[in-house]
Amino acid sequence: MPNQILGTVAQFGRSARHGLTYATRIALWRFPTHEDNLRFPVRVIEPSTHPSTLDRGPEIDLDGIAPDAPDTDRHGGFDALLAANRTTGFMVVRDGRVRYERYLAGRTEASALAAFSTAKAVVSALVGIAMGRGEIASVDDHVADYLPGRVPAGITIRHLLNMTSGFRLREGHTPWSTAAAAYYTAARRTSAARSARVGHPPGTVWAYNDFGPVHLAMVLTAVGGCDSFTDYSRRVLFDRIGMRVPGCWLLDSRSPEAQENAGGGLYLSLETLAKIGLVYLNGGKFEGRRVVPAQWVDESTSIDAAEADVLTNVRTHSFKPEGMAYKYGWWIPRDDGLSAQREFAAIGHYGQYIYVCPTTRTVVVRTGAHWGPLGRYAWLDLLRQVARINP
């Protein structure tokens with residue numbers, strides 16, 4: 001294990017040579033991959049000073065799981081299903097114990113895996129922690145009070161968390177889209193400022209925008225008095241949940257002032273991703289210690305009447321099923337008989353999931369190189385089946 005971790009750190013280091021321009025990245029790379037930690041410069045998130053390992057329990061038999069998707073092989077067992085769908089890691093944690101754990105495509109427990117947009121739930125947790133520490137007074141604080149001159153007046157932290165900032169959005173998967181600019185930019189601070197142009201009154205329209213978490217990361221770095229967002233995230237979150245394997249945030253450049261891709265550039269081990277789910281499953285605690293305020297966890301995973309019209313009127317996003325609302329980086333079922341069970345999930349590109357099911361005290365994490373033949377809309381239903389299977 002120690003040698004594997006050293007290899008992971010060295011792997012991150014090799015990416016530092018790619019301080020390329022936005023246009024060059026678009027031309028050479030075209031699409032994001034689950035190995036972008038080898039292409040972008042990164043900041044390494046060092047392991048915790050008090051690393052901890054999740055307890056293990058008897059393995060759950062998942063071979064009876066039947067995905068509700070056409071053209072899917074249902075006869076090769078669950079391991080074969082994962083492999084056929086380009087999965088890199090899969091973990092089931094029930095009642096705090098790992099009950100199923102698989103690594104594929106050359107990954108191991110010492111691998112840092114692409115989280116993509118599940119990073120938004122991490123940014124949200126950090127905002128809640130900052131509020132608990134008194135560094136941010138309220139989600140209704142104006143962002144311009146923390147970042148003078150960078151964000152128009154009237155935009156609040158809540159707006160950025162909920163994707164209701166009203167910023168103009170260039171949609172699609174073209175080189176000039178907002179998503180591409182946020183991911184491939186070589187000057188994230190400048191690109192974020194340029195993106196902050198209001199097209200709708202804040203709080204009235206939901207639109208998925210990867211620059212929101214970037215602004216939040218800059219706020220958190222400032223209020224925390226840290227040298228970088230990486231430093232802040234490690235100090236207040238990752239160190240406190242006993243992270244064993246180094247992670248990293250993708251950067252826009254090799255400059256000492258480089259900015260992290262807080263919207264989708266996070267790499268963590270499967271266990272660390274599961275620990276984040278456990279923190280939310282346990283009301284903000286990890287191994288009995290308070291990490292995230294309980295009120296923040298509750299607020300983040302429920303929709304109240306005052307905001308329901310906007311947050312439940314979510315257009316079908318590129319990787320989410322129908323019938324989902326969005327709140328503070330988490331996807332929440334609505335109007336389907338499941339909402340009362342308070343399940344929720346962080347979802348990322350190519351089928352990255354942190355799925356939390358309080359009813360069965362289960363967290364399921366899936367990482368992958370792609371959705372695979374199962375497709376982008378069937379994974380959540382599969383994770384629900386896994387979480388509800390009898391041990």
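When segment 128-141 is limited to residues that are under 19 Å from Thr164 (Cα atoms) and free of Cβ contacts under 8 Å to residues at least 40 places away in the same chain, the one that is surrounded by the most Cβ atoms within 10 Å (Cβ to Cβ) turns out to be Val139.
Looking across segment 192-224, the residues that are crowded, with 17+ Cβ neighbours inside 10 Å, modelled with pLDDT of 85 or more and among the hydroxyl-bearing types (Ser, Thr, Tyr) come down to Tyr208, Thr221.
Report whether or not Pro2 is at pLDDT 80 or above and either closer than 30 Å to Asp231 by Cβ or of a type outside the set (Phe, Trp, Tyr) (or both).
On the way: at pLDDT 80 or above: no; either closer than 30 Å to Asp231 by Cβ or of a type outside the set (Phe, Trp, Tyr) (or both): yes.
So Pro2 does not fit the description; no.
Could you tell me which of the residues Ala119, Ala180, Ala144 is within 21 Å of the chain's Cα centre (by Cα) and surrounded by fewer than 24 Cβ atoms within 10 Å (Cβ to Cβ)?
It is Ala180.
Any idea which residue in segment 229-270 is modelled with the lowest pLDDT, counting only those that are surrounded by 24 or more Cβ atoms within 10 Å (Cβ to Cβ) and of a type in the set (Asp, Glu)? Per the criteria, the residue is Asp252.
Residues of segment 150-160 that are over 20 Å from Glu307 (Cα atoms) and touching a residue at least 12 places away in the same chain (Cβ under 8 Å): Arg150, Val151, Pro152.
Return a yes/no flag: does segment 138-155 have any residue that is modelled with pLDDT under 85 and closer than 26 Å to Ala115 by Cβ.
Here is the first cut: in segment 138-155, the ones modelled with pLDDT under 85 are none.
No.
Looking across segment 348-391, just one residue is touching a Pro at 6+ places or on another chain (Cβ under 9 Å) and either assigned to a strand (DSSP E or B) or of a type in the set (Asp, Glu) (or both), and that is Asp381. Looking across Ser111, Ser52, one residue alone is buried (at least 17 other Cβ atoms within 10 Å of the Cβ), at pLDDT 95 or above and not in a helix (DSSP H, G or I). It is Ser111. Of the residues in segment 274-290, not one is farther than 26 Å from Thr49 by Cα and either buried (at least 22 other Cβ atoms within 10 Å of the Cβ) or within 14 Å of the chain's Cα centre (by Cα) (or both).
Answer yes or no: is there a residue in segment 156-173 that is assigned to a loop (DSSP other than H, G, I, E, B) and at pLDDT 95 or above. Let's see the steps before the verdict.
First pass over segment 156-173, keeping only residues assigned to a loop (DSSP other than H, G, I, E, B): 163-166, 168-173.
Those left that are additionally at pLDDT 95 or above: none.
No, the conditions are met nowhere in segment 156-173.
The values are calculated or read from the model by the stated rules, or taken from the named source; none is laboratory data. Small disclaimer: the values here were computed from a predicted structure and weren't measured. In this analysis, Cβ positions are derived from the backbone assuming ideal geometry, glycine residues included, and neighbour counts consider all displayed protein chains.
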